[in-house]
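Trainee: Sharing a structure here in structure tokens format.
The values are calculated or read from the model by the stated rules, or taken from the named source; none is laboratory data. Only a predicted model underlies this, so the values are computations on that prediction, with no experimental measurement involved. With ideal geometry, Cβ positions are generated from the backbone for all residues, glycine too; neighbour counts draw on all protein chains shown. Note: accessible area is taken over every heavy atom of the protein model, side chains too, but ligands, DNA and RNA are not part of it. Shrake-Rupley method; radii C 1.70, N 1.55, O 1.52, S 1.80 Å.
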Amino acid sequence: MLHSIRWTSEKITQRLRLIEPLVYRRRQPLPPFRLLQLPDPLAQPPVAPDLVDRDWTLVEPNSYWLEPQSNFVLRGSFQIPQEWDTVSPVALYLPLGEAGDFSHPEALIYIDGVPYAACDRHHQEILLPERWRADRVQALALHGWTGGTHVLRWDGGVSIKARRTMPLLMGECAVVQIDQPTRDFIALARVALGIATQLFEHDPARAHLLNALDDAFKMLDTREPLGERFYASVPAAQQILQAGVEQAGPPLDVDVTAVGHAHIDVAWLWTLGQTRRKAGCTFHNVLRLMEQFPAFRFTQSQPQLYDYVRQDYPDLFQAIKERVQEGRWEPIGGMWVEADCNLSGGESLARQFLLGRRFFREHFGAGAESPVLWLPDVFGYAWNLPQLIKEAGMEYFFTIKIGWSQYNRLPYDSFWWQGLDGSRVLTHFSPTKESGSSKASTYNSDASPQQTLSTWNNFQQKDWGKPGVTPPLLMSYGYGDGGGGPTREMLENIGHMQSFPAAPRTHCGTVGDFFRQLEAEVGDRLPTWNGELYLEYHRGTYTTHARNKRANRKSEFLLHDAEFLAAMAAVFAPDYDYPHEDL
């Protein structure tokens, strides 16, 4: 009652907005960029540090600089001020503009001609290592894309495409020095406020968390002008908040495995050339986050994306192989791409498994072959799929897409899916619910307190565990569809929610380990679904691009006939050389 009268949560929300800019304790503006527009995403970007660019277009801060559907290179430089201390972290802050949905605009960052990280509208801060603190100017180049001409909007669960015509507005880019105590305080306060606002009004933990937040923010010195007095007050405020959180009660007896992920549609609202760039940008960012967060685990499907990276960024591919060997990067999915499972024939699906698993085995080793078929965004699943999964040497199946059905939600989130021949695979639908969406779940969670709690609240089988055992859950987090992946804020949230009052025990992990835990703890208690997994949504997609689908089906018939005739020839003509490689 007291916190409702005093509007505590609204007050803390406002105070957080007030102090968030103070994370950057020092700031050195970057010189204006120079811009060159490229003809396509595969054009060789001019990123060499000694390149002359004086004839390129100058882009001043707070000016409009490029239209949608544009490929570009921005060139500039940076230097870390020599007088800054050598203890606090230093980063590039690159707000290139806001392009609506997905992670656009996006750009791969080259420092002295070498690709290092990526920036997009969700990843605007690039932490700089010690080697760039030397007293010299570093060349900076950004190779990117402004994003598409359409923005997706949701109206009552219906997707609406709106045309985007405005050019991007360049922000004030800078080298910044981070005040780590302030950032740590904001992260803890963000999680505490997020959990408190999701709890039932009479939950004791809610009042305890709001009391702790109120006491901590009273300790902060937020008198104008904000400066050294504020920074001096942060440690005491952090102590008060941490102590209050520890006294607010135990976590929920629920385990959530948080799986870092970046869903990338190989073909959707962009060309294949953009897909290649998206994979490079996203994967570079993942490696940088792994340097900052040792517990971070990342899961990525589709050998096609890895093959693009192998061709375009060999050093990046080698670094990924090293993370795979360490167990921190999980190649997953089994199929070459996340394939349609309704129109594709059995032979096509079998080859998806053969080619996909062969690529993982050849490049990452036999131990890296995933036991999980990962298809979060496929529009329905035929009844023969469990048999193909088992015959491909896999045991588990993951999706969330059936939760998008228009009328009926499947009554289970964890179950055994039985195929036509009796094969069974352990299946899990992540129940994480996207904020404000009418759909049952998402594979692009933001790992916020709200969505982490929804993973438990939206789960339909809370009482299916053995005595004393709660069924484990999986949350797939990271910006996706257009790539981007996890962010620093997401990983900070997960770090605090490992044992947070009234919240699920959330930890970074892999999909394979989650399924093994699910099978060991509650596998014998789960129901069996015997039938196809039909999606009551996206039905019109099977009428679009009919010419391509007809040609694909004719190719399947021709392939069958070619194999049949070649096999028959090998039987009746012993000297016939069966064309293994060609087929």
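Trainee: Test each condition in (1) over 18 Å from ILE494 (Cβ atoms); (2) exposed (fewer than 14 other Cβ atoms within 10 Å of the Cβ); (3) at pLDDT 95 or above for TYR306 and report the one that comes out false.
Mentor: For TYR306, the exception is condition (2).
Trainee: For GLN451, which of the numbered conditions (1) open to solvent by less than 20 Å² (accessible area, probe 1.4 Å); (2) touching a helix residue (DSSP H, G or I) at 6+ places or on another chain (Cβ under 9 Å); (3) among the polar types (S, T, N, Q); (4) part of a helix (DSSP H, G or I) fails to hold?
Mentor: Here GLN451 meets the rest and fails (2).
Trainee: Same structure, new question: Identify the single condition in (1) more than 18 Å from PRO371 (Cα to Cα); (2) not in a loop (DSSP other than H, G, I, E, B) that THR427 does not satisfy, given that it satisfies every other one.
Mentor: For THR427, the exception is condition (1).
Trainee: Within segment 316-335, is even one residue open to solvent by 10 Å² or more (accessible area, probe 1.4 Å), modelled with pLDDT of 95 or more and more than 29 Å from GLY113 (Cβ to Cβ)?
Mentor: Yes, the conditions are met somewhere in segment 316-335.
Trainee: Quick test for you: out of PRO31, PRO61, pick the one residue that is modelled with pLDDT of 95 or more, in contact with a Ser or Thr (Cβ under 8 Å, 6 or more places away or on another chain) and in a loop (DSSP other than H, G, I, E, B). Spell out the reasoning first.
Mentor: Details: PRO61 fails: in contact with a Ser or Thr (Cβ under 8 Å, 6 or more places away or on another chain).
Being modelled with pLDDT of 95 or more, in contact with a Ser or Thr (Cβ under 8 Å, 6 or more places away or on another chain) and in a loop (DSSP other than H, G, I, E, B) holds for just one of PRO31, PRO61, which is PRO31.
Trainee: Then there is this: Of the residues ALA91, ALA118, only one is of a type outside the set (D, E, K, R) and either assigned to a loop (DSSP other than H, G, I, E, B) or out of contact with any Ser or Thr (no Cβ under 8 Å at 6 or more places or on another chain) (or both); which?
Mentor: Every option except ALA91 fails the conditions.
Trainee: If I filter segment 138-145 for residues that are more than 14 Å from CYS173 (Cβ to Cβ), out of contact with any Asp or Glu (no Cβ under 8 Å at 6 or more places or on another chain) and not hydrophobic (A, V, I, L, M, F, W, C), do I get at least one hit?
Mentor: Yes, segment 138-145 contains at least one residue that is more than 14 Å from CYS173 (Cβ to Cβ), out of contact with any Asp or Glu (no Cβ under 8 Å at 6 or more places or on another chain) and not hydrophobic (A, V, I, L, M, F, W, C).
Trainee: Out of all the residues in segment 215-227, which are touching a residue at least 60 places away in the same chain (Cβ under 8 Å) and surrounded by fewer than 19 Cβ atoms within 10 Å (Cβ to Cβ)? Break it down into steps so the answer makes sense when it comes.
Mentor: As a first pass, look at segment 215-227 and keep what is touching a residue at least 60 places away in the same chain (Cβ under 8 Å): 217, 220, 222, 226.
Within segment 215-227, THR222, LEU226 meet the criteria.
Trainee: Here are some residues: TYR64, TYR110. Which one is aromatic (Phe, Trp, Tyr), open to solvent by 70 Å² or more (accessible area, probe 1.4 Å) and in contact (Cβ under 8 Å) with a residue 12 or more places away in the chain?
Mentor: TYR64
Trainee: Additional query: Across segment 339-362, what is the total count of residues that are small (Gly, Ala, Ser) and under 23 Å from the mean Cα position of the chain (by Cα)?
Mentor: Of the residues in that region, 2 qualify.
Trainee: Within segment 542-561, count every residue that is in a helix (DSSP H, G or I) and either more than 30 Å from VAL378 (Cα to Cα) or hydroxyl-bearing (Ser, Thr, Tyr) (or both).
Mentor: Residues that pass the stated criteria total 3.
Trainee: For segment 487-518, which residues satisfy the criterion of being more than 19 Å from ASN285 (Cα to Cα) and among the polar types (S, T, N, Q)?
Mentor: Hits for segment 487-518 are GLN498, SER499, THR506, GLN517.
Trainee: Search segment 122-134 for residues being in a loop (DSSP other than H, G, I, E, B) and at pLDDT 95 or above, and hand back the single one that is nearest to the chain's Cα centre (by Cα).
Mentor: Within segment 122-134, the match that is nearest to the chain's Cα centre (by Cα) is HIS122.
Trainee: Which of the residues that make up segment 454-488 are under 11 Å from the mean Cα position of the chain (by Cα), aromatic (Phe, Trp, Tyr) and open to solvent by less than 40 Å² (accessible area, probe 1.4 Å)?
Mentor: Scanning segment 454-488 gives a single hit, TYR477.
Trainee: Follow-up. Could you tell me whether VAL266 is under 28 Å from SER499 (Cα atoms) and among the hydrophobic types (A, V, I, L, M, F, W, C)?
Mentor: Numbers: under 28 Å from SER499 (Cα atoms): no; among the hydrophobic types (A, V, I, L, M, F, W, C): yes.
No; evaluated as a whole, the condition is false for this residue.
Trainee: In segment 402-416, which residues are part of a helix (DSSP H, G or I) and either at pLDDT 95 or above or over 25 Å from ALA350 (Cα atoms) (or both)? Full working, then the answer.
Mentor: At the first step, the residues of segment 402-416 found to be part of a helix (DSSP H, G or I) are 402-404.
Of everything in segment 402-416, those that are part of a helix (DSSP H, G or I) and either at pLDDT 95 or above or over 25 Å from ALA350 (Cα atoms) (or both) turn out to be GLY403, TRP404.
Trainee: Given (1) out of contact with any strand residue (DSSP E or B) (no Cβ under 8 Å at 6 or more places or on another chain); (2) open to solvent by 20 Å² or more (accessible area, probe 1.4 Å), where does GLY345 come up short, assuming only one miss?
Mentor: (2)
Trainee: Restricting attention to segment 179-235, which residues are over 15 Å from ARG6 (Cβ atoms), of a type in the set (Asp, Glu) and outside any loop (DSSP other than H, G, I, E, B)?
Mentor: Within segment 179-235, ASP184, GLU228 qualify.
Trainee: Can you confirm whether segment 363-378 contains a residue that is touching a residue at least 24 places away in the same chain (Cβ under 8 Å), farther than 15 Å from GLU330 by Cα, over 23 Å from the mean Cα position of the chain (by Cα) and open to solvent by 10 Å² or more (accessible area, probe 1.4 Å)?
Mentor: For segment 363-378, residues touching a residue at least 24 places away in the same chain (Cβ under 8 Å), farther than 15 Å from GLU330 by Cα, over 23 Å from the mean Cα position of the chain (by Cα) and open to solvent by 10 Å² or more (accessible area, probe 1.4 Å): absent.
Trainee: In segment 334-344, which residues are closer than 20 Å to LEU535 by Cα, in contact with a Phe, Trp or Tyr (Cβ under 8 Å, 6 or more places away or on another chain) and not hydrophobic (A, V, I, L, M, F, W, C)?
Mentor: Scanning segment 334-344 gives GLU338, ASP340, ASN342.
Trainee: Picking from ALA279, ALA232, which residue would you name as being among the small types (Gly, Ala, Ser) and surrounded by 15 or more Cβ atoms within 10 Å (Cβ to Cβ)?
Mentor: ALA279
Trainee: Check whether at least one residue in segment 254-268 is open to solvent by 10 Å² or more (accessible area, probe 1.4 Å), at pLDDT 95 or above and farther than 23 Å from PHE359 by Cα, and report yes or no.
Mentor: Looking for residues that are open to solvent by 10 Å² or more (accessible area, probe 1.4 Å), at pLDDT 95 or above and farther than 23 Å from PHE359 by Cα, one finds at least one in segment 254-268, hence yes.
Trainee: Does PRO81 meet the test of being in a loop (DSSP other than H, G, I, E, B), touching a residue at least 40 places away in the same chain (Cβ under 8 Å) and touching a Cys at 6+ places or on another chain (Cβ under 9 Å)?
Mentor: no
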